[in-house]
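Below is one structure, written out as structure tokens; the observations come after it.
Throughout, read-outs are computed from the coordinates displayed, never taken from laboratory work. This is a predicted model, so every value here is computed, not measured. As a convention, Cβ positions derive from the backbone with ideal geometry for all residues, glycine included, and neighbour counts pool all protein chains shown.
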Amino acid sequence: MTCTQPAIKLAILGACLASPVACGGTDGSGTSGTTTDGGTSDGGTSDGGTGGVDCATLDLDTCASTAACAVMVAGMLEWPDTGGTACFTVGPNEAVGCETAGLDCGAVNVYATASSTDACYLFPSVCVPDGWIDCKPDPETIGECP
């Protein structure tokens, strides 16, 4: 998880405050949670505990079969024809990326998309694939369908 991605910085802020070591802060003992290679300096390995595997670069099948990694899931936003009412529904969760297993991502819903022209997804946590950007619908003009 990257706590410096500007597009989702506010959503991640809560997770960073809850777990400062995971976001490059300290745990009160002076131990930092970030090293220059992305691993940890507080007892973890220099590769973040993945055994040298960069989970974010794996395809979904390889991710699912790699013990140090976990498949990220999210529901795609769907825009039904409601007769003029602007609203969305959230489709079933589907595999969208790969992350290091065991990350403390915080149970905060986050909307993100791979690019401004791709579908928007609702993630059940603040962990989203690297490079994805915020796509939260404007709550004043559109909401979840009843």
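Some notes on this structure:
- For the pair E144 and D130, the difference between a 0.36 nm per residue extended length and the Cα-Cα distance amounts to 2.4 nm.
- Theoretical FRET efficiency, 1/(1+(r/R0)^6), r = Cβ-Cβ of L60 and T85, R0 35 Å, to 0.05: 0.50
- Neighbour-count ranking [beta-carbon atoms within 10 angstrom, fewest first] of W79, W132: W79, W132
- Cβ-derived FRET efficiency at R0 25 Å, A68 paired with D118, nearest 0.05: 0.35
- Judged by the gyration tensor of its Cα atoms, with axes a ≥ b ≥ c, the range 88-146 is prolate; a/c meets the 1.5 cut and a/b is the larger of a/b and b/c.
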